[in-house]
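Structure first, commentary second.
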Amino acid sequence: MDEEYDVIVLGTGLTECILSGIMSVNGKKVLHMDRNPYYGGESSSITPLEELYKRFQLLEGPPESMGRGRDWNVDLIPKFLMANGQLVKMLLYTEVTRYLDFKVVEGSFVYKGGKIYKVPSTETEALASNLMGMFEKRRFRKFLVFVANFDENDPKTFEGVDPQTTSMRDVYRKFDLGQDVIDFTGHALALYRTDDYLDQPCLETINRIKLYSESLARYGKSPYLYPLYGLGELPQGFARLSAIYGGTYMLNKPVDDIIMENGKVVGVKSEGEVARCKQLICDPSYIPDRVRKAGQVIRIICILSHPIKNTNDANSCQIIIPQNQVNRKSDIYVCMISYAHNVAAQGKYIAIASTTVETMEPEKEVEPALELLEPIDQKFVAISDLYEPTDDGSESQVFCSCSYDATTHFETTCNDIKDIYKRMAGSAFDFENMKRKQNDVFGEADQ
């Protein structure tokens, strides 16, 4: 360990593993350490089930009705991948896809007036949906056609909308869309968590709806994908990539000190040895003095023995409860997966309800979601602090990731990765930088 590295990475969360993979592919000498004995940090999948009970101080352990403990892989942070989103692009460019298998999530639903409905995102679905009346459907269909044809480089497609100055509120007004339609468009298609976007320029929202529609078009059932055996497979896939390109991995390695000289990082001390480095990447837990608390997220992991009602018995789905429907500032999300993804015992389902905490009684805040899941066999409640770095790393060369937010997909995580890359490399992130070299051995020889 007493060596000089270009980059040392602390923590094996998804953000850290992707950055370590990119740095290794780009020829950097990388040392990757984690104080835990397992991969994934905050974004790991817990197995066997007994381990999850222990983690949440449920000392009696799982009952026999839960099946074999080792059939379970329970994500601590629930997220899906947008089929046409940035994380899938990163997986394809780095060919980490060869280490993983994915399934399409079976449905995307939205909550309105206490009931759930399938999210309409194509013209045909819009016309068949029970969410809207006849005239509303026609207006919504016109809006979808406008979005599908919209091209920011071709003013002919603007129809009087200026992508840089017209607010999204004005675009909704132009198509005369009602509040319920605005709710599900902004929250279930554009996937905003709050309504702050309404007064921003509309380009970002239009692009988000396009991403949803294009992701949906790839596989048809929903725009989301999910890896077999749980999300913990993702950081491990990128860790393999880094190792193939010479990255060194050390799990179960305590970090005693981050060594700074003249305000700049020069190394990491562990068990009496010092590894030197030019740059450091880490998650917030390694540098508590360089982060600030930016809020809290509550996540309740629920084990069920049945699919969720009114979802056509889907074995996986997402439900979005727009904030307006339950008098809140931010949405409540439910991610549900099951034995079909090799994450639970036969006939069992895992539903995780999550939201940004707004009151002193976070469990009460997710009640609308829990009501949709009844009866629940077992609940595990986690309230996590959200941290963000106070230092951009330009002086210290210490680059810290943000905590995983309450969104149900990885787009915000990918934005964080691109932002850290830009600050480290001094140039904008380019997916081409992730391409594997033609002559690498893909790590297949050792299998």
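The values are calculated or read from the model by the stated rules, or taken from the named source; none is laboratory data. Owing to the predicted nature of the structure, the values given are computational and were not obtained by experimental measurement. Here the Cβ is made from the backbone with ideal geometry for all residues, glycine too, and neighbour counts use every protein chain on show. Just so you know, the surface numbers come from the protein's heavy atoms only, side chains and all, with ligands and any DNA or RNA stripped out. Shrake-Rupley method; radii C 1.70, N 1.55, O 1.52, S 1.80 Å.
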Mind ranking 92-103, 4-15, 69-80 by how tightly packed they are, going by the mean number of other C-beta atoms within 10 angstrom, highest first?
4-15, 69-80, 92-103
In Å and on Cα atoms, what radius of gyration and Dmax does region 158-268 show?
22.4, 60
Distance between Cα centroids, region 274-320 to region 221-267: provide it in whole Å.
16 Å
How do 56, 175 stack up against each other in accessible area, from largest to smallest, with a 1.4 angstrom probe?
56, 175
Given 4 °C and 1.567 mPa s, compute D for region 37-143 with the Stokes-Einstein relation, Rh being the Kirkwood radius over Cα pairs; round to the nearest whole µm²/s.
72 µm²/s
Looking only at aspartates and glutamates whose Cα falls under 19 Å of residue 364's and that sit 8 or more positions away or on another chain, we get 331, 374, 377, 385
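With charges set only on the Cβ (+1 for Lys and Arg, -1 for Asp and Glu), what does the dipole of the chain come to about its Cα centre, in debye to the nearest 20?
Values: 50 positive and 65 negative charges, 218 e Å.
Computed charge dipole of the chain: roughly 1040 debye.
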When all protein chains stay in place, what accessible area (Å², nearest 10, 1.4 Å probe) is found for residue 132?
20 Å²
What number, in nm² with one decimal, is the all-direction average of the projected area of the convex hull of the alpha-carbon atoms of region 289-353?
6.4 nm²
Taking every DSSP bridge whose two residues both lie in the chain, the antiparallel percent to the nearest 5 is 75 percent
Report, to two decimal places, the Cα Rg of region 326-369 normalised by 2.2 N^0.38 Å (N = number of residues).
1.44
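In nm², what is the average projected area of the convex hull enclosing the Cα atoms of the chain? Working shown, then result.
Details: hull surface 91.6 nm².
Over every viewing direction, the Cα hull of the chain projects on average to 22.9 nm².
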When the chain is treated as a Gaussian network with springs between alpha carbons less than 10 Å apart, the largest mean-square fluctuation among 290, 55, 240 is found at 55
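Per residue, how many Å² of accessible area does the chain show with a 1.4 Å probe?
Values: 19200 Å² over 447 residues.
Result: 43 Å² per residue.
So what is the 222 nm mean residue ellipticity for the chain from helices alone, if each DSSP H run of at least 4 adds -39500 (n - 2.57) and you divide by all residues, rounding to the nearest 500 deg cm²/dmol?
On the way: 12 runs with 118 residues, N = 447.
Here the helix-only value at 222 nm equals -7500 deg cm²/dmol.
What's the ranking of 261-268, 16-23 by average number of surrounding C-beta atoms within 10 Å, highest first? Let's see the in-between values first.
On the way: 261-268: 15.2, 16-23: 28.1.
Going by the mean number of other Cβ atoms within 10 Å, highest first, we get 16-23, 261-268.
Order the peptides 399-409, 190-200, 151-161, 376-386 from the highest to the lowest mean number of other Cβ atoms within 10 Å of their residues.
Numbers: 399-409: 23.2, 190-200: 17.4, 151-161: 11.3, 376-386: 15.5.
So the peptides 399-409, 190-200, 151-161, 376-386, ranked by packing, come out 399-409, 190-200, 376-386, 151-161.
Keeping every protein chain in place, order 32, 306 by accessible area at 1.4 Å, biggest value first, i.e. largest first. Can you show the working numbers first?
Details: 32 0, 306 40 Å².
Per-residue accessible area, sorted high to low, gives 306, 32.
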Quick one, could you list the DSSP H helices from the chain stretching 15 Å or more along their long axis (Cα atoms) with average Kyte-Doolittle hydropathy of -0.5 or above?
14-25, 134-149, 203-219, 233-244
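Please compute the contact order of the chain in relative form: average sequence separation of alpha-carbon pairs under 8 Å and at least six residues apart, divided by the residue count, as a percent.
Working: 900 pairs, mean separation 108.3, N = 447.
Across the chain, relative contact order equals 24 percent.
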How large is the direction-averaged shadow of the alpha-carbon convex hull of region 278-423, in nm²?
10.6 nm²
Please report, as a whole percent, how much of the solvent-accessible surface of the chain comes from carbon and sulfur atoms (probe radius 1.4 Å).
47 percent
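So what's region 119-219 giving for Rg/Rh, alpha carbon basis, Kirkwood Rh from the mean inverse pair distance? Mind showing how you got there, number by number?
Numbers: Rg = 12.6 Å, Rh = 13.6 Å.
We get a ratio of 0.93 for region 119-219.
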Too long for a 23 Å Cα-Cα cut-off, among 115/329; 115/174; 79/221; 28/253, are 115/174
